[in-house]
Amino acid sequence: MQLKIGFSINHLKITFMRLNSTIFSLMMLFVCISVNATDYDLSVAPGFNITTPGSHTITGAGGGFYVTNTVDNGVYNITLDNITLTAGTWESAIVLSNESTTPMTVNFNIVGTNSTTGYNHGGIKAIGGVVNVVFTTVSSGTLTCSANYDGNYAFQSEGTGMNPSVDPNVTCTATLAGTSMSAADALAGAFSNKPLVLTLTKTAAALDETKVNDLKVSLTNTGVSIDGLQEGESFEVFDISGRCVINAKAESTSETVNLSKGIYLLKTAAGTIKFIK
């Protein structure tokens, strides 16, 4: 009888240890999905929250997600790659939350066919501080923003405000509530109408290089090449939020710099060039 009791106690200890191990593994998996990942599949991990500035890619179909910024001048390069977002009851499709006192910037890179449908909120919703939203593409893509609930529209802005725009290096056609109009008018009207359909195509001028006078910016396999500089000439590169990411002096007439995906402004004595990486 004592042997049976001893075996039962040991068995319970082993079972408890296995259960703790399983719970710990599940917690670590949740942490990795919610915080550390840079590629997200909506079908696998719905309802995630992106909290780290930088480049992230979203694929699949499912419910909505958050982008929550807590750093100064946070820049998020979010690629929407053939996604279908349909928010649940009383929920939003994409929520951009700025908890910082400085503006956050979200560059939506549109690839393929994408749609975001909120329920009682917009297809894209901004809350908190200033949120700058830029729509771009590296090739071509379509984005449809809408909402199911009456009185809610393609976009919704709460807090300080959401400022939508289109990258100048792409061509964009837009329809709002079935009416074709300029992209700027459609974006402005998306807070009171739906659905909004943006069709983006990268312009030929932005495919390989951008030039101003003798100054040229081109994309290479190793980075971004800046040509037409003078030896010893100062040059600066700013991201779309206005933050200086490079401040250097040219060692030759051609310099190569490494940049993450995004929209940038090159400033030199010879001129200013806006380009997309």
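Here are the numbers:
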| item | result |
| --- | --- |
| Which numbered condition Thr52 misses (of (1) within 13 Å of the chain's Cα centre (by Cα); (2) part of a strand (DSSP E or B)) | (2) |
| Complete set of residues in segment 190-212 that are modelled with pLDDT of 95 or more and farther than 18 Å from Asn120 by Cα | Val197, Leu198, Thr199, Leu200 |
| Criterion violated by Lys125 - all others in (1) surrounded by fewer than 24 Cβ atoms within 10 Å (Cβ to Cβ); (2) under 16 Å from the mean Cα position of the chain (by Cα); (3) of a type outside the set (Val, Ile, Thr) satisfied | (1) |
| Selection count where residues are in contact with a Cys (Cβ under 6 Å, 6 or more places away or on another chain) and more than 19 Å from Gly88 (Cα to Cα), scope segment 116-168 | 1 |
| In segment 34-61, the residues that are out of contact with any strand residue (DSSP E or B) (no Cβ under 7 Å at 6 or more places or on another chain) and at pLDDT 90 or above | Thr52 |
| Scan of segment 87-98 for residues that are surrounded by fewer than 24 Cβ atoms within 10 Å (Cβ to Cβ) and over 16 Å from Tyr40 (Cβ atoms), ordered by number | Gly88, Thr89, Trp90, Glu91, Ser97 |
| Strands (runs of 3 or more DSSP E) enclosed by segment 159-199 - at least 1 residues per element that are surrounded by fewer than 17 Cβ atoms within 10 Å (Cβ to Cβ) and among the hydrophobic types (A, V, I, L, M, F, W, C) | 179-181 |
| Those residues of segment 257-275 which are hydroxyl-bearing (Ser, Thr, Tyr) and either surrounded by 20 or more Cβ atoms within 10 Å (Cβ to Cβ) or in a strand (DSSP E or B) (or both), in sequence order | Tyr264, Thr268, Thr272 |
| Candidates Thr84, Thr101, filtered to the one that is closer than 16 Å to Leu198 by Cα and surrounded by fewer than 24 Cβ atoms within 10 Å (Cβ to Cβ) | Thr84 |
| Segment 227-256 - residue that is outside any strand (DSSP E or B) and among the hydrophobic types (A, V, I, L, M, F, W, C) and, of those, farthest from Asn73 (Cα to Cα) | Leu229 |
| Matching residues in segment 82-140 - criterion: being of a type outside the set (A, V, I, L, M, F, W, C) and closer than 19 Å to Thr173 by Cβ | Asn109, Gly112, Thr113, Asn114, Ser115, Thr116, Gly123, Thr136, Thr137, Ser139, Ser140 |
| Those residues of segment 130-150 which are of a type outside the set (A, V, I, L, M, F, W, C) and in contact with an Asp or Glu (Cβ under 7 Å, 6 or more places away or on another chain), in sequence order | Thr136 |
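The values are calculated or read from the model by the stated rules, or taken from the named source; none is laboratory data. Since this is a predicted model, take the numbers as computed values, not measurements. With ideal geometry, Cβ positions are generated from the backbone for all residues, glycine too; neighbour counts draw on all protein chains shown.
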